[in-house]
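Each remark here refers to the structure printed beneath this line.
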Amino acid sequence: MPLPRSVEREHLHTRKISCEGYLRQDGLWDLEAHLTDTKTFGFDTRHRGYMEPGAPVHGLHLRVTMDLDFVIHDVVAVSDDTPYPVCKQTAEAMRELIGIKIGPGWMREVRSRVERKASCTHLMELLGPLATTAYQTMHSALEERANQQPVKTKPRILDTCIALASDGPEVKARWPEFYTGPQDSDDAS
């Protein structure tokens, strides 16, 4: 269902973010994110001259290579279109993420390694959607690995959203040993 109609308005800006996940032949995983910002109107800039309507103000690419434990093995960033020439230098700073494990507290670790004044706000913003894309990409492999483990521990995904609440029907069906909701009367017998 689309959003309800709004008041009359003028379209000025579009930001598109796309994320894709890949399983590599070497067993690692590539997660790629692309961000494009465009304006619907032309305007003058100090460094790039006149920008035609629809010309990318930002055109940024980020690839993070990780293993199934979410440890980052490589990072490649490319800034094709930027408002300032210095912005292109930030791509190298993203390599400081190599060795970080995506999980609780990882953005705090990112900020401790990549100084704000040496980074690009937009490349940093791509890390959030890229992390969730990693999980979606690797989900089947993670479940397969978990099912092969002799002792099950509580899946970290439980209680992260309404669908996976530990007292909800999905957890009751998929992970009954971690279900915390009310027991059916015939379950008690």
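Here, each number is a calculation from the coordinates, and none is a lab measurement. It should be emphasised that the depicted structure is a prediction, and the values quoted were computed from it without experimental measurement. Glycine also receives a Cβ, built like all others from the backbone with ideal geometry; neighbour counts cover every protein chain displayed.
Of the residues that make up segment 120-128, is at least one part of a helix (DSSP H, G or I), polar (S, T, N, Q) and within 17 Å of residue 68 (Cβ to Cβ)?
The first filter runs over segment 120-128 and keeps only residues part of a helix (DSSP H, G or I), leaving 121-125, 127-128.
Within this subset, residues satisfying the condition of being polar (S, T, N, Q) are 121.
Pick out the ones that are also within 17 Å of residue 68 (Cβ to Cβ) and you get none.
No, segment 120-128 has no match at all.
Under 8 Å between Cβ atoms, at least 6 apart or on separate chains: pull out the pairs that start in segment 144-159 with a residue that is closer than 14 Å to residue 171 by Cβ and end on any residue that is among the β-branched types (Val, Ile, Thr) and outside any loop (DSSP other than H, G, I, E, B).
Qualifying pairs under 8 Å: 158/171.
Scan the strands (runs of 3 or more DSSP E) fully inside segment 28-101 and keep the ones with 3 or more residues being under 15 Å from the mean Cα position of the chain (by Cα), on the phi > 0 side of the Ramachandran plot and in contact (Cβ under 8 Å) with a residue 40 or more places away in the chain. Working first, answer last.
Values: elements: 29-39, 43-45, 49-51, 56-66, 72-81.
Filter on segment 28-101 gives an empty set.
I'd like the residue in segment 18-67 that is surrounded by 14 or more Cβ atoms within 10 Å (Cβ to Cβ) and of a type in the set (Lys, Arg) and, out of all such residues, is nearest to residue 139 (Cα to Cα).
63
Looking for something of a type in the set (D, E, K, R), out of contact with any Gly (no Cβ under 6 Å at 6 or more places or on another chain) and outside any helix (DSSP H, G or I) - is there at least one such residue anywhere in segment 165-172? So that I can check it myself, show each step before the final result.
Going residue by residue through segment 165-172, those that are of a type in the set (D, E, K, R) are 167, 170, 172.
With the extra rule that they be out of contact with any Gly (no Cβ under 6 Å at 6 or more places or on another chain), the set shrinks to 170, 172.
Okay, now just the ones that are also outside any helix (DSSP H, G or I), so none.
No, there is no match, as no residue in segment 165-172 is of a type in the set (D, E, K, R), out of contact with any Gly (no Cβ under 6 Å at 6 or more places or on another chain) and outside any helix (DSSP H, G or I).
Criterion first (within 27 Å of residue 57 (Cα to Cα), crowded, with 18+ Cβ neighbours inside 10 Å, touching a residue at least 12 places away in the same chain (Cβ under 8 Å) and under 13 Å from the mean Cα position of the chain (by Cα)) does residue 130 satisfy it?
Values: within 27 Å of residue 57 (Cα to Cα): yes; crowded, with 18+ Cβ neighbours inside 10 Å: yes; touching a residue at least 12 places away in the same chain (Cβ under 8 Å): yes; under 13 Å from the mean Cα position of the chain (by Cα): yes.
Against the criterion (within 27 Å of residue 57 (Cα to Cα), crowded, with 18+ Cβ neighbours inside 10 Å, touching a residue at least 12 places away in the same chain (Cβ under 8 Å) and under 13 Å from the mean Cα position of the chain (by Cα)), residue 130 qualifies.
Residue 28 is checked against (1) farther than 21 Å from residue 85 by Cβ; (2) in contact with a helix residue (DSSP H, G or I) (Cβ under 6 Å, 6 or more places away or on another chain) and fails just one. What number does that condition carry?
Single failed check for residue 28: (2).
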